[in-house]
Amino acid sequence: VFRISKAAQEAFSASHPEAQVIVDNHGTGGGFGRYLEGEVDIVDASRAAKPEEEAQAKAKGLDWTRFLIAYDGISLVVNPKNTFVKSLSVDQLKAMFMAGSKVKTWKDLNPAWPADPISFYTPDDDSGTYEFFLEAVIGKGGRQREDVQASSDDNILVRGVAGDPNAIGYFGYAYYVGNQAKLRVIPIQEKTDAPAIEPTHDTILDKTYRPLARPLYLYVKNRSLSRSTVADFVRYYLENCAQVAEKAGYVAPPEAERAANLSALKVGDGLEDGVQQGP
């Protein structure tokens with residue numbers, strides 16, 4: 001979500017030069033951690049808050065309102081020199097990425113493929129993308145294999161896959177869209193007999209890109225909305241989320257969900273306590 005919030009911050013600052021809005025990137029888990037320590041007003045989240053994060057926020061009096069600001073499709077990519085992988089099923093992804101996996105080479109996954117060792121590039125375990133992928137592909141409580149090259153910086157993952165003919169990696173849709181000349185995206189089959197679906201604007205929005213299409217959120221501290229700079233920035237963000245989401249390479253939410261955001265903002269504008277929720 002960092003890319004979207006950065007686009008919103010830059011556009012807001014151009015018309016509000018007196019306002020200081022700092023946008024930083026620590027992964028969803030890191031963002032919630034800083035929020036629960038009282039260090040930030042807004043959390044960018046590429047997954048929903050966990051029940052324990054909700055409970056801790058409420059226990060500390062750090063009630064928030066959640067807003068849906070874009071849709072994403074976690075994209076599986078390989079190096080363009082890899083021409084043999086035409087699609088992958090969720091079962092194959094699980095076999096590749098789960099802890100204790102015996103898949104070391106492409107041939108281990110499909111006997112018709114080369115016996116070249118696979119290199120794995122993934123987000124680190126503080127990332128909401130990492131957590132969403134694990135739950136969607138491996139299952140709740142599942143763990144990822146350890147012999148991966150992990151980074152909190154998706155640009156590092158892009159460079160890793162782009163420079164390694166035997167690599168596979170995953171990250172948000174915007175990082176694939178922005179690097180299509182260096183990467184090849186792999187269509188995903190939800191089940192073995194299902195069609196292979198590529199992440200696109202339309203398949204992400206209509207959720208046919210399953211199970212890796214997901215909503216992206218902002219969690220805003222209700223109390224902070226009583227400060228004019230925070231309130232002005234959040235309102236600007238929500239009123240322009242279609243433009244900033246698309247500019248950042250993601251998929252804008254439909255008009256009804258954008259309207260629900262603004263309704264939630266009126267309810268959770270810092271005048272009352274309680275966890276509020278938009279779309």
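The values are calculated or read from the model by the stated rules, or taken from the named source; none is laboratory data. Here the structure is a predicted model, which is why all the values come from computation and not from measurement. All Cβ positions, even for glycine, are placed from backbone atoms using ideal geometry, and neighbour counts span all protein chains on display. Note: areas computed on protein heavy atoms with side chains; ligands, DNA, RNA excluded. Shrake-Rupley method; radii C 1.70, N 1.55, O 1.52, S 1.80 Å.
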At 25 °C and 0.890 mPa s, the Stokes-Einstein diffusion coefficient in µm²/s for the chain, with hydrodynamic radius from the Kirkwood sum on alpha carbon pairs, is 125 µm²/s
Value of D in µm² per second that Stokes-Einstein yields for the range 152-279, Kirkwood Rh from Cα pairs, at 25 °C (0.890 mPa s):
144 µm²/s
Which length gain, in nm to one decimal place, applies between A231 and D202 when the Cα-Cα distance is subtracted from 0.36 nm times their residue separation?
7.2 nm
Cα gyration tensor of the range 113-155 - equivalent ellipsoid semi-axes, whole Å, descending:
20, 15, 8
Show me the three semi-axes of the equivalent ellipsoid for the range 1-159, from the C-alpha gyration tensor (sqrt of 5 times each eigenvalue), largest first, rounded to whole Å.
35, 20, 12
So if I take the centroid of the Cα atoms in the range 172-189 and the same for the range 56-129, what is the distance between those two points in Å?
13 Å
Once the other residues with Cβ under 11 Å from the Cβ of V40 are scored (Lys, Arg +1; Asp, Glu -1), what is the net sum?
-3
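Measure off, as a whole percent, the carbon and sulfur share of the 1.4 Å-probe accessible area of the range 153-240, all protein chains present.
Answer for the range 153-240: carbon and sulfur cover 48 percent of the accessible area.
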I'd like to verify something in the chain: which complete DSSP H helices, judged by Cα projection on the helix axis, reach 30 Å or more and average at least 1.6 on the Kyte-Doolittle scale?
none
Heads up, the range 1-80 by the C-alpha gyration tensor (a ≥ b ≥ c square roots of eigenvalues; a/c under 1.5 rounded, else a/b over b/c prolate, else oblate) looks oblate
With the Cα gyration tensor of the range 69-192 giving a ≥ b ≥ c as the square roots of its eigenvalues, does the rule (a/c under 1.5 for rounded; else a/b larger than b/c for prolate; else oblate) give rounded, prolate or oblate?
rounded
Total formal charge among the other residues, if their Cβ is under 12 angstrom from that of V148, Lys/Arg +1 and Asp/Glu -1:
-2
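Can you figure out the FRET efficiency of K191 with W113, using R₀ = 30 Å and their beta-carbon distance, to the nearest 0.05?
Numbers: r = 21 Å, r/R0 = 0.69.
Computed FRET efficiency for K191 and W113 comes out at 0.90.
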Per residue, how much accessible area does the chain have with a 1.4 Å probe, in Å²?
45 Å²
Would any residue of the range 196-239 have its amide N under 13 Å from a label point 7 Å out along Cα→Cβ of A19? List them or say none.
225-239
Looking only at lysines whose Cα falls under 30 Å of K221's and that sit 8 or more positions away or on another chain, we get K6, K50, K58, K60, K140, K207, K247, K266
Assign unit charges at the C-beta atoms only (+1 for Lys and Arg, -1 for Asp and Glu), then state the dipole size of the range 167-240 relative to its Cα centre in Debye, rounded to the nearest 20.
400 debye
If exposed means GluC sites (Glu not before Pro) lying in a DSSP loop and surrounded by at most 10 other beta carbons within 10 Å, then the longest stretch of the chain lacking such sites spans residues 147-271
Given charges of +1 on the Cβ of Lys and Arg and -1 on the Cβ of Asp and Glu, with all other atoms neutral, how large is the dipole of the chain about its Cα centre, in debye to the nearest 20?
640 debye
